[in-house]
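The values are calculated or read from the model by the stated rules, or taken from the named source; none is laboratory data. Since the model is a prediction, treat every value here as computed from it, not as a measurement. Here the Cβ positions follow ideal geometry from the backbone for every residue, glycine too, while neighbour counts run over all protein chains shown.
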Ligand SMILES: Cc1cc2nc3c(=O)[nH]c(=O)nc-3n(C[C@H](O)[C@H](O)[C@H](O)COP(=O)(O)OP(=O)(O)OC[C@H]3O[C@@H](n4cnc5c(N)ncnc54)[C@H](O)[C@@H]3O)c2cc1C
């Protein structure tokens with residue numbers, strides 16, 4: 001059984017979500033290839049070739065792939081699926097965009113956000129905002145699977161696979177026009193070791209920036225937010241942590257003025273250490289917190305900043 005893993009990359013760097021997806025793929029089959037889609041992404045392919053257990057790396061390049069046009073990414077993968085029984089894709093915002101398109105065109109059911117591989121046909125995935133785990137067995141001849149990277153250990157780097165070129169797909173009617181990228185010196189939210197998140201309690205974008213961002217910068221952390229904070233315009237959309245945002249599992253997650261609704265917990269409850277600051281002692285966030293401070297963030301955060309020096 002041959003399995004294709006799609007690499008998560010930004011044309012210059014290979015993200016370690018790829019290494020984690022390779023670990024999941026190796027539990028499905030020993031025959032694992034990696035597809036790198038991008039533009040000017042040879043360095044990414046060379047990095048993917050070093051991942052332990054990878055048989056070969058395929059590099060498909062075009063301007064549309066470099067800009068992550070989902071229709072073109074889907075067409076590229078579909079063009080290769082003749083040679084593979086399954087494709088495993090990191091469950092990133094981009095992966096969740098093109099994976100269902102591949103499944104629709106192959107006329108199979110996508111298997112989304114797996115957290116465990118039981119055997120080559122059987123997978124475990126969270127349902128009901130992470131409150132239950134479902135074991136599903138797929139009889140589809142070709143499987144299209146997204147992988148929750150935080151659930152798998154990263155594969156090591158001792159390999160030396162070959163790199164071959166692959167044909168970039170084309171898609172009628174979809175082309176790259178322009179993009180507006182958020183520029184930040186902070187670590188990427190899903191890869192950060194520490195995340196500081198703010199909630200509705202911030203009350204304004206100015207307060208969010210004045211309270212959450214300096215603390216994050218002091219800790220070298222990424223910034224996250226609850227959906228309430230995002231919906232109110234206190235924080236940008238790509239900061240959202242939760243069921244309909246990003247799933248994070250950092251070593252340390254600090255939730256400030258966040259109640260701990262199940263949809264928020266779905267995105268952060270696997271963090272190793274959770275710290276909650278909330279003035280309501282009954283807030284549900286304290287049920288998952290390792291350390292809880294009941295108090296007004298306006299007092300607690302300055303004390304924390306002072307203690308950090
Ligand atoms: C389908 C669906 C998907 C959703 N997806 C997401 C998602 O991905 N992510 C997400 O976060 N939510 C999501 N939600 C929304 C979720 O249900 C909650 O509404 C949201 O998480 C609440 O955000 P919050 O904790 O910031 O606000 P609130 O629930 O209003 O909590 C604010 C907290 O701040 C505390 N507080 C107030 N003032 C202070 C102060 N001065 N000092 C300290 N603490 C203070 C309060 O005690 C309270 O606990 C989703 C909802 C639905 C229905």
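Evaluate segment 60-77: report whether one residue or more is in a loop (DSSP other than H, G, I, E, B) and touching a helix residue (DSSP H, G or I) at 6+ places or on another chain (Cβ under 8 Å).
From segment 60-77, those in a loop (DSSP other than H, G, I, E, B) are 62, 67-69; that's our starting set.
Narrowing further to those that are touching a helix residue (DSSP H, G or I) at 6+ places or on another chain (Cβ under 8 Å): 62, 68.
Yes, there is a match, as at least one residue in segment 60-77 is in a loop (DSSP other than H, G, I, E, B) and touching a helix residue (DSSP H, G or I) at 6+ places or on another chain (Cβ under 8 Å).
Within segment 103-209, which strands (runs of 3 or more DSSP E) (wholly inside it) include 1 or more residues that are at pLDDT below 95 and surrounded by fewer than 13 Cβ atoms within 10 Å (Cβ to Cβ)? Spell out how you get there, then give the answer.
On the way: elements: 111-114, 116-119, 122-127, 132-137, 143-147, 162-165, 194-198.
In segment 103-209, 122-127, 132-137 are the strands (runs of 3 or more DSSP E) which contain 1 or more residues that are at pLDDT below 95 and surrounded by fewer than 13 Cβ atoms within 10 Å (Cβ to Cβ).
Which members of segment 272-284 meet the condition of being farther than 23 Å from residue 129 by Cβ and surrounded by fewer than 14 Cβ atoms within 10 Å (Cβ to Cβ)?
Listed by number, the list holds a single entry, 281.
Any residue at all in segment 12-23 that is touching a strand residue (DSSP E or B) at 6+ places or on another chain (Cβ under 8 Å) and surrounded by fewer than 19 Cβ atoms within 10 Å (Cβ to Cβ)?
No, there is no match, as no residue in segment 12-23 is touching a strand residue (DSSP E or B) at 6+ places or on another chain (Cβ under 8 Å) and surrounded by fewer than 19 Cβ atoms within 10 Å (Cβ to Cβ).
Only residues that are assigned to a helix (DSSP H, G or I) and closer than 20 Å to residue 102 by Cβ: list them for segment 22-59, please.
Taking segment 22-59 as the starting set, the residues that turn out to be assigned to a helix (DSSP H, G or I) are 22-28, 42-49.
Selection gives 22, 24, 25, 28, 48.
Look at residue 269 and say whether it is at pLDDT below 95 and either more than 23 Å from residue 218 (Cα to Cα) or surrounded by fewer than 22 Cβ atoms within 10 Å (Cβ to Cβ) (or both). So that I can check it myself, show each step before the final result.
On the way: at pLDDT below 95: yes; either more than 23 Å from residue 218 (Cα to Cα) or surrounded by fewer than 22 Cβ atoms within 10 Å (Cβ to Cβ) (or both): yes.
Here the answer is yes, as residue 269 does meet what is asked.
Could you please give the count of residues in segment 1-11 that are within 16 Å of residue 30 (Cα to Cα) and surrounded by fewer than 17 Cβ atoms within 10 Å (Cβ to Cβ)?
2
Would you call residue 298 in the same structural domain as residue 208 (by TED's automatic domain parsing), within 13 Å of the ligand (Cβ to nearest atom) and over 28 Å from residue 182 (Cβ atoms)?
no
Scan segment 262-279 for residues that are near the ligand (Cβ under 8 Å from one of its atoms) and out of contact with any helix residue (DSSP H, G or I) (no Cβ under 8 Å at 6 or more places or on another chain) and jot them down.
Initially, segment 262-279 is screened for residues near the ligand (Cβ under 8 Å from one of its atoms), giving 262-264, 266-267, 277-279.
262, 266, 267 - these are the residues of segment 262-279 that are near the ligand (Cβ under 8 Å from one of its atoms) and out of contact with any helix residue (DSSP H, G or I) (no Cβ under 8 Å at 6 or more places or on another chain).
Under 7 Å between Cβ atoms, which residue pairs at least 6 apart in sequence (or on different chains) link something in segment 280-299 that is closer than 12 Å to residue 256 by Cα and touching a residue at least 40 places away in the same chain (Cβ under 8 Å) with a partner that is part of a helix (DSSP H, G or I) and more than 9 Å from the ligand (Cβ to nearest atom)?
297/211
Could you give me the residue pairs with C-beta distances under 7 Å whose first residue belongs to segment 241-258 and is closer than 19 Å to residue 201 by Cα, whose second residue is more than 12 Å from the ligand (Cβ to nearest atom) and assigned to a loop (DSSP other than H, G, I, E, B) wherever it lies, and which are 6+ apart or on separate chains?
253/271
Looking at segment 231-238, is at least one residue within 18 Å of residue 188 (Cβ to Cβ), modelled with pLDDT of 95 or more and either surrounded by 21 or more Cβ atoms within 10 Å (Cβ to Cβ) or out of contact with any helix residue (DSSP H, G or I) (no Cβ under 9 Å at 6 or more places or on another chain) (or both)?
yes
Against the condition outside the structural domain of residue 150 (by TED's automatic domain parsing), touching a strand residue (DSSP E or B) at 6+ places or on another chain (Cβ under 8 Å) and within 12 Å of the ligand (Cβ to nearest atom), how does residue 201 come out, does it pass?
Numbers: outside the structural domain of residue 150 (by TED's automatic domain parsing): yes; touching a strand residue (DSSP E or B) at 6+ places or on another chain (Cβ under 8 Å): yes; within 12 Å of the ligand (Cβ to nearest atom): yes.
In short, yes.
Residue by residue, here is whether (1) buried (at least 16 other Cβ atoms within 10 Å of the Cβ); (2) near the ligand (Cβ under 10 Å from one of its atoms); (3) under 22 Å from residue 90 (Cβ atoms) holds:
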residue	(1), (2), (3)
217	no, no, no
250	yes, no, yes
286	yes, yes, no
293	yes, yes, no
